[in-house]
Amino acid sequence: QQQVKQSPQSLIVQKGGISIINCAYENTAFDYFPWYQQFPGKGPALLIAIRPDVSEKKEGRFTISFNKSAKQFSLHIMDSQPGDSATYFCAASIMAGKSTFGDGTTLTVKP
Amino acid sequence: EPEVTQTPSHQVTQMGQEVILRCVPISNHLYFYWYRQILGQKVEFLVSFYNNEISEKSEIFDDQFSVERPDGSNFTLKIRSTKLEDSAMYFCASSGGLGYTFGSGTRLTVV
C-alpha cells in the first residue's frame, strides 16, 4: 500500500515538445506529492509539489495534474529543453513523514 | 540558497569496517532523513529523525545502522560493519515541514 508506481521508465522528446510522466499511488493517506529532478552525480532537487486539495499546479514550464479519485498524478514539462534531460522522480508522503519514491523516469530531450 | 552539505563525497571501505557519513542540514529545518540509492535504482528511505530521536525507520535500517545529531548541527549515519550490498549513494535530506532539500550524496563503495 506504500508503493508509488511511475511510468514510463525512459522518455525521449524533441526540443520544444511536451514531456509527460505519470505516477499512481495506493495509500489514500498520502497528502503531499512532490516531483524531484536529479542530474548525474547530484542529489534529487525538489521541482514542484502539490497537495490533494487542488487538481493542478503550474510553475513556469512545469505542471502537476492531480486526480484524487484515480489516485494518479502527472508531471508535464512544456517546451522541453535539452537542459531538462535528467531523471525525474515522483514521490508521496504524509506531511513531513518519509517519502515513498517512484522508480524514476530518465528524460532525454533531443536538440 | 541554503544547502545540505554531505561529506565525504566518496568513501571506499573494506567489508566489515565501520563508516560514518556526515551531513550538515539546513539550519532552521527540523526534520532530517537518510535515503540511499543503489546505482540506477530508486531512492530508498532509511530513517527519519525529529526532535533528537528517530521518528521512523525502514527494514533496511537494521542494527548495523545508527544516526546521531552529535552537536546540534551535524547529522551522521554510521554503518558499524559494512557489507558489499551497502555500496550505494547515501543522501541526507532536511525539511522545514514539506518537501526535502537533499545533499549531493556520499558514494559508498564497499570492497
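A few comments on the model shown:
- Its alpha carbons give the protein assembly as shown an Rg and a Dmax of 17.5, 51 Å.
- Probe 1.4 Å - accessible area at A:Leu47, Å² to nearest ten: 40
- Beta bridges per DSSP, both residues in chain B: antiparallel share near 90 percent.
- Sorting B:His10, A:His76 by solvent-accessible area of protein heavy atoms yields B:His10, A:His76, largest first, with a 1.4 Å probe.
- For region B:35-101 and region A:1-70, distance of Cα centres in Å: 23
- Radius 12 Å from Cβ of A:Phe101, net charge of other residues (Lys, Arg +1; Asp, Glu -1): +2
- Counting only cysteine Cβ atoms and a cutoff under 4.7 Å, the protein assembly as shown contains no unmatched residue.
- The phi-based Karplus calculation (6.51 cos²θ - 1.76 cosθ + 1.60; θ = phi - 60°) puts the 3J(HN,Hα) values of region B:88-95 at 4, 8, 10, 10, 8, 9, 10, 8 Hz, whole numbers, x for Gly and Pro.
- Computed on the Cα atoms alone, the convex hull of chain B gives a volume of 101 cubic angstrom per residue.
- Heavy-atom accessible surface of B:Ser55, to the nearest 10 Å², is about 80 Å², with a 1.4 Å probe and all protein chains retained.
- Amide H contacts of B:Ser87 (H built 1.01 Å from N, under 5 Å, at least 5 apart or other chain): B:Val110
- Percent RCO, i.e. relative contact order, over chain A, from Cα pairs under 8 Å lying at least 6 residues apart: 37
The values are calculated or read from the model by the stated rules, or taken from the named source; none is laboratory data. The model shown is predicted, which means the values in this text are computed figures rather than measured ones. Cβ coordinates were reconstructed from backbone atoms using ideal geometry, including for glycine residues, and neighbour counts include every protein chain displayed. The area values use the complete protein model at the heavy-atom level, side chains included, leaving out ligands, DNA and RNA. Shrake-Rupley method; radii C 1.70, N 1.55, O 1.52, S 1.80 Å.
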